[in-house]
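The values are calculated or read from the model by the stated rules, or taken from the named source; none is laboratory data. Everything quoted here is computed from the prediction, not taken from an experiment. FYI the Cβ positions are ideal-geometry reconstructions off the backbone, even for glycines, and counts take in every protein chain you see.
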Amino acid sequence: MENTQELIFASQALSPELKTIATKVFNRERISFDEGLYLYKYANLSYLGTLANYIREQKNSNYVFFNRNFHVEPTNICVYTCSFCAYSRLIKQREEGWELSIEQMMDIIKKYDGQEVTEVHITGGVIPKQDLAFYTTLFSEIKKHRPELHVKALTPVECHYIFKKAKVTYAEGMKLLKESGLDSMPGGGAEIFDKEIRDKIAGGKCSAEEWLSIHEIWHGLGMQSNATMLYGHIESFENRVDHLERLRQLQDKTKGFNAFIPLKFRNGNNDMSDVPEVSVIEDLRNYAISRIYLDNFDHIKAYWAMIGRSTAQLSLNFGVDDIDGTIDDTTKIYSMAGAEEQTPKLTTQQLVDLITQVKRTPVERDTLYHIVKDYSVN
Ligand code: V47
Ligand code: SF4
């Protein structure tokens, strides 16, 4: 630790503000909103990497977590029209979309019988037919068939819509979903919390306050979830710090978030194709600042299917300790928006190799970060 501190403080380029922030990090003190903003505006990559890596190793030592998972996307038809979304088809273009029945989804799930997957991740578009009863039936069917398979499903965007339609409160709806077999919630639908930007890119769907409230209620039931931030489009650095700040405040209250997942805006085949994508340097800076700012989150995840394998490997030196899972070519949301990974699928051995190539220790986890296999132990 002394060496890390000496390295940081020896830098000629260090302003008094950056010195104060580094001192806070080494003393395990929280940085402020203005300091978060200062990092986005002025900190260089090596400074951010050193601090983020220090925190990452304090929290998770040399471990990099992954899981064995697959996705089921019930539909890509959607009543909403988020302008960054390359995936959804409006109801009127439904011939270009897919819409799975409960039986079809159960057939997908049954294909994994006998395989060592631990999680099914279920999210997609929002349509009237796939309502609260549809999802409670689906979850209870999954649990009847394979009780130990962790069901991570539905974002507040879907929850808000199905609860309103069923005329139940968020609390009643979340309780019904829990009783039917929902185990945790993924981090999607957060986009960017700032109202002006959210209205521009994701108008009509649940608000920031509603997104946060649904997670808070879920955590209140003793359950866990993830959080995301869609970055690198038309948002400002202030908007990013505001997003991190709201998540940090909720996590102080509930401690229910497992991981934070920054999602890089990809500009292929959507209504924001004229907005350029940010550089890999900006991706790494953003991972590192997220790691530094979110002192009450245990895990920062780089979603390899979205940023590609090489950037995911690099991110492991910038605060990231998790690279999601095997996925098994079961999600289309990023490949349709132009991500490098056109057929997102990695075997467990390939994930282990990616991690060991950058001299980290692979650990297979379950959704709630219990260790399934530590690869440093033979
Ligand atoms: O909310 C959609 C994003 C999210 C684009 O919790 C895009 O473990 C970039 O949240 N460019 C859904 N991003 C995916 C998600 C997720 C993924 C993996 C793991 C977990 C988890 C959660 O995908 C959406 C939206 O923010 N998204 N389109 C795009 N063009
Ligand atoms: Fe629908 Fe989600 Fe796409 Fe928005 S991001 S249009 S809510 S599928």
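Worth pointing out:
- Just one of the listed residues (GLY232, GLY256, GLY222) is on the phi > 0 side of the Ramachandran plot and either buried (at least 16 other Cβ atoms within 10 Å of the Cβ) or under 16 Å from the mean Cα position of the chain (by Cα) (or both), and it is GLY232.
- Breaking point among (1) among the polar types (S, T, N, Q); (2) without any contact (Cβ under 8 Å) to a residue 12 or more places away in the chain; (3) over 28 Å from THR81 (Cα atoms), for SER273: (3)
- Given (1) closer than 28 Å to ARG291 by Cβ; (2) more than 22 Å from the chain's Cα centre (by Cα), number of the condition PHE84 does not satisfy: (2)
- Matching residues in the range 166-191 - criterion: being among the charged types (D, E, K, R) and either outside any helix (DSSP H, G or I) or within 16 Å of ligand 2 (Cβ to nearest atom) (or both): LYS167, ASP183, GLU191
- Selected residue [more than 16 Å from ligand 1 (Cβ to nearest atom) and either modelled with pLDDT under 95 or not aliphatic (A, V, I, L, M) (or both)] from GLY204, GLY188, GLY181: GLY181
- Summed over the range 113-170, the residues that are at negative phi and away from ligand 1 (no atom under 16 Å from the Cβ) give a count of 33.
- Scanning the range 287-318 for residues that are part of a helix (DSSP H, G or I) and in contact (Cβ under 8 Å) with a residue 60 or more places away in the chain yields TYR287, ALA288, ILE289, SER290, ARG291, ILE292, TYR293.
- Residues that are within 16 Å of ligand 2 (Cβ to nearest atom), touching a Gly at 6+ places or on another chain (Cβ under 9 Å) and hydroxyl-bearing (Ser, Thr, Tyr), drawn from the range 254-311: SER273
- When residues of the range 1-38 are limited to those that are charged (D, E, K, R), part of a loop (DSSP other than H, G, I, E, B) and touching a residue at least 12 places away in the same chain (Cβ under 8 Å), the one surrounded by the fewest Cβ atoms within 10 Å (Cβ to Cβ): ARG28
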